[in-house]
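Reading through the structure tokens given below for one structure.
The values are calculated or read from the model by the stated rules, or taken from the named source; none is laboratory data. All values derive from a computational prediction rather than experimental measurement. Glycine also receives a Cβ, built like all others from the backbone with ideal geometry; neighbour counts cover every protein chain displayed.
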Amino acid sequence: MPGTFTQVLDTVLTHGAQNLDQHQIAQLAQVSDGTVTRGRKQRHGRGPLLLPKPVGFAPQMGLVLACSVGSESVRAAIVDANGVAHKRHSASPKRDQLESSPDELFQRVRLQAIRALEDAFDDKDLLVPNGSLPLIGATLALPAPVDRDHRLRGNTLKHEGWKGAHSDSDAPHSSLNHRFAALLGAPFVAGTAQVMNDCNAAAVATAFERVRELEPPRTDPDAPGHERTTAMVLRVSGGVGLGLIEIAADNVDVRVSRFLRSRVMVGTNGLAGEIGHFPISQSSVERVNNGTGTPDGLNALTWERQCSCGKPHHLQALAGWDGLRERLALPLDDPDSTCTDLLEPFINPASGKESEAATRALEDAGKLIGRALTGPVLALDPHSITVIGALSVPAFLSGLRTASGEWKDAFWTGRPVAFSPPRHGSKFMSLRGAGLAILRAKRHRKLREIGAGAWYPDLAYSRKHLDALKRAAGL
């Protein structure tokens, strides 16, 4: 039957996180074991679509070169159709990175991309028979608002060189996608190099984890189904941002993943979730400063602190890591010092350098952000909030939970919002989600056509392409 192999592919996407063998996949797909075996044979001269045990998507299904930029970080990896990030690399933190020119920032991205690609070419399990990497695209997650036309909104990236990439620019071929494709060179073009907001990307990863791992998929069509829910992703580091995704209800066909119909909520102008620029009242800051038992070494919050956008009183300026650093009197006197390095001893529980002042400052940041979330929580009625970023540590989460207790005092008739930790850590979550966004569009949503025999060629990324990229980077 032509549709039987499609049933296998759907089942692998839905149940692939359960580490099932060939026979178990066949039972769930309601096909013979031999139908699963078909996916382990070479197809289109490019290798198998399925891995043998546990059954999962093989690299032949498609890989994505995924990169991410943070306040001081740059990361890159190769993401496969199972949502696994291979060959992970991180640059050394760079202070004030978001004030860099496009050339400076993109060079940092390119160097990490090269490292990930070099490692991938050294891993024969990621290559197809002709020695190329089956890349279907590249993606970059940025900590800045990105609209539907892949242009910048706001001024998170302040350097004049970004002007042509803003939504109000009429410069041709200057979208972020065009710039990213030019950075990577052939065979990438704007259609295969996508830039998106990092919190929106993390929301995609959240949906993928929820429907495959946190909420085990149904196997019986008569069993109670999963309802449609909204999930939030809160990122707290140098900036404060929010990603939102509506996770779809179960399909009639239990083999088909809810991930395919889940939708990121980006808003009209791509500004949904930009809560870092929420204005905080002076009374809210005074409430924090007048708390009982202020520890030694903890400075008061400064309500007049300026945000990265240049305006005072914003949540990001008070609850992001610059505000935390100021409260702990950690000066950036050394031009080579970074917030990442300064704060690491205070936010890493394994460092043995926790202090009462740092714990209190992190709790206060959690409370401030939690209170600022009251409106979004009541307006959107989320099922869960996943917290990621450098400050997503126990003390911060404690403060956030304290503030969440106040939500029901404002107005509450439903079940409590669940605080859900990222299943696979937060450092590479935006990167994974950005990669999954491309894989979902170019592979996961085309499983029916692929199962029926159609194929969508990859970019056949070769060592010659990598050598050209290295030359462009001056290596």
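Listed values, structure above:
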item	result
Sole exception among (1) part of a loop (DSSP other than H, G, I, E, B); (2) surrounded by 14 or more Cβ atoms within 10 Å (Cβ to Cβ); (3) of a type in the set (D, E) for D168, by number	(2)
One residue from K87, K94 being of a type outside the set (A, V, I, L, M, F, W, C), more than 24 Å from Y456 (Cα to Cα), in a strand (DSSP E or B) and within 25 Å of the chain's Cα centre (by Cα)	K87
Any chance S262 is crowded, with 20+ Cβ neighbours inside 10 Å, at pLDDT 90 or above and either within 26 Å of the chain's Cα centre (by Cα) or closer than 26 Å to K446 by Cβ (or both)	yes
Close pairs (8 angstrom Cβ cut-off, 6 or more residues apart or separate chains): within 19 Å of H314 (Cβ to Cβ) and among the basic types (K, R) in segment 368-382, assigned to a loop (DSSP other than H, G, I, E, B) and modelled with pLDDT under 90 anywhere	R371/E406
First in segment 145-172 and under 21 Å from K311 (Cα atoms) and polar (S, T, N, Q), second anywhere and part of a strand (DSSP E or B) and at pLDDT 80 or above, Cβ under 6 Å, 6 or more apart	none
Answer residue from segment 322-343, given it is out of contact with any Lys or Arg (no Cβ under 8 Å at 6 or more places or on another chain) and closer than 12 Å to P93 by Cα and is surrounded by the most Cβ atoms within 10 Å (Cβ to Cβ) among those	T340
Helices (runs of 4 or more DSSP H) wholly inside segment 404-475 containing at least 1 residues that are within 22 Å of H89 (Cα to Cα) and in contact (Cβ under 8 Å) with a residue 60 or more places away in the chain	429-442, 463-472
Residue count for segment 120-165, restricted to those that are within 19 Å of L183 (Cα to Cα) and basic (K, R)	2
Segment 302-341, residues that are at negative phi and among the aliphatic types (A, V, I, L, M)	L315, A317, L318, A319, L324, L328, L330, L332
Residue check for P382: modelled with pLDDT of 90 or more, loosely packed, with under 14 Cβ neighbours inside 10 Å and part of a loop (DSSP other than H, G, I, E, B)	no
Pairs, first assigned by TED's automatic domain parsing to the domain that holds L152 in segment 175-191, second in a loop (DSSP other than H, G, I, E, B) and at pLDDT below 95, C-beta under 6 Å, six or more apart	S175/H150; S175/R151; L176/H150; N177/H150
